[in-house]
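Heads up: the structure comes next, in structure tokens.
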Amino acid sequence: MDNLTFRYSVLLVEGLQITPQSSQLTFIFLLMAYVFAMVSNIGILIQILAEKSLHQPMYILFCHLPVSDIIGITVLVPRLLKDLMTDPSERYITYIECVFQAFFAHFYGTTSHTILMIMAFDRYVAICNPLRYPTIMSNKMIVKLSAGAWGAAVVPVSILIGLSVRLSHCRSFIANHFCDNPSLFKLSCENTVINNVYGLTFTVVLLTSSLGCVLLTYLRIVMVCIKSNNKATNSKAIKTCSTHLAVYIIMQICGFVPIVLHRFPVYAESRKFGGMMFHVIPPGLNPIIYGLQSKEIRQRMLKKWNQSAVQKV
């Protein structure tokens, strides 16, 4: 068979190298985290979609975050739960499944940035141009921002994975706990310079764009708050922005940990847990942060809870 087109149809995944006792604890933790993240994110989505009073630009744009979080935790945790209960020598995954997992893993990582960028823009307009907010944040603008957030992830991630899929294979072992782009192109013995250059460029552009957008946005907001003498407006601005900023900082920390640990081979297992936390912590904390901080969402959730309690009584 021609080496240029050779593909292994089944791959062996290394998984987490932990003791059986630790596997059970990790399984329970991941299962509880997955159930909580799914219930809370889906609950907030239903709450926003069902309440007409929440059909505002800020909440509509926020809806993209739970969707992204659901993708992020689902692409990793169910498969990891299965592998934890499987003998290390039998943790097989088909090549097609591996490609899809790698695509959605990077897709989630990218949308985590792009969605928070459009949410930062919404906060900027609301605080710096409050009188023009309804005009600027029209339905047409919301559609454009939403399409831009997802489109800016689909295209570059498709190219990223496509560059790895084109390569032939000389290995069938995934030296990781899940499939990502490096795992795919490391299966090949061909020259992967293009993959490394594109992957590095893509990561740098994404991170600089994300950090630049958020920093500029908050600098403008801080300047407006300093110039303003309205304490009520400034207090509302700080409360609104603190939620977004907390989510952004958590996402950045969880994302940087595996990137930093990747440079130190001695911390290979720690890097695996760091990568796992990126798919677990933000999806679990984001609904808590927004649910508790947003007065409108919190009040409606408490109202629903009280109604359910009364009906049961």
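The values are calculated or read from the model by the stated rules, or taken from the named source; none is laboratory data. Note that the structure is a prediction, hence the values are computed from the model and not measured. So basically every Cβ, Gly included, is an ideal-geometry build from the backbone, and we count neighbours across all protein chains shown. Heavy atoms of the whole protein, side chains included, go into the accessibility calculation; ligands, DNA and RNA do not. Shrake-Rupley method; radii C 1.70, N 1.55, O 1.52, S 1.80 Å.
Could you tell me whether the chain comes out rounded, prolate or oblate from its Cα gyration tensor? Rule is a ≥ b ≥ c as square roots of the eigenvalues, rounded for a/c under 1.5, then prolate if a/b exceeds b/c, otherwise oblate. Taking the square roots of the gyration eigenvalues as a ≥ b ≥ c, the chain is prolate. Distance between the pseudo-spin-label points of MET32 and LEU245 (7 Å out from Cα toward the beta carbon): 3.2 nm. Remark on LEU11: its backbone amide H falls under 5 Å from those of ILE93, THR94, TYR95, a criterion applied only to residues 5 or more positions apart or on other chains, H modelled at 1.01 Å from N. Where does helix 231-261 land angle-wise versus the long Cα axis of the chain, in degrees 0 to 90, nearest 10? Orientation of helix 231-261: about 10 degrees from the principal axis. Coordinate range of the alpha-carbon atoms in the stretch 106-145 per principal axis, descending: 38, 19, 6 Å. For the stretch 1-149, pairs of C-alpha atoms spaced more than 19 angstrom apart make up 66 percent of the total.
With all protein chains kept in place, the per residue accessible area of the stretch 1-145 amounts to 50 square angstrom at a probe of 1.4 angstrom.
Kirkwood Rh, Cα Rg: Rg to Rh for the stretch 68-127? Radius of gyration relative to Kirkwood radius: 1.21.
What whole-number volume per residue, in cubic angstrom, does the convex hull of the C-alpha atoms of the stretch 161-209 give?
75 Å³
You can think of it this way: the chain between ILE259 and LEU211 has 15.7 nm of extra reach, that is 0.36 nm per residue less the Cα-Cα gap. Ligands, DNA and RNA left out, the 1.4 Å accessible surface of the chain is 69% carbon and sulfur atoms.
Given their separation in residues at 0.36 nm each and the Cα-Cα distance between them, ASN234 and LEU200 gain 8.3 nm when the chain is fully extended. Using a 4.7 Å Cβ-Cβ cutoff, the cysteines of the chain lacking any partner cysteine are CYS63, CYS128, CYS213, CYS225, CYS241, CYS254. Say the cut-off is 27 Å between C-alpha atoms; which of LYS144/LYS231; LYS52/LYS227; LYS82/LYS186; LYS52/LYS231; LYS52/LYS144 go over it? The answer is LYS144/LYS231; LYS52/LYS227; LYS52/LYS231.
Based only on Cα atoms, what Rg/Rh ratio does the stretch 1-76 have, Rh being taken as Kirkwood's radius?
On the Cα set of the stretch 1-76, Rg over Rh gives 1.23.
From helices alone, the chain scores -26000 deg cm²/dmol at 222 nm; the rule is -39500 (n - 2.57) for each run of n ≥ 4 DSSP H residues, then divide by the residue total.
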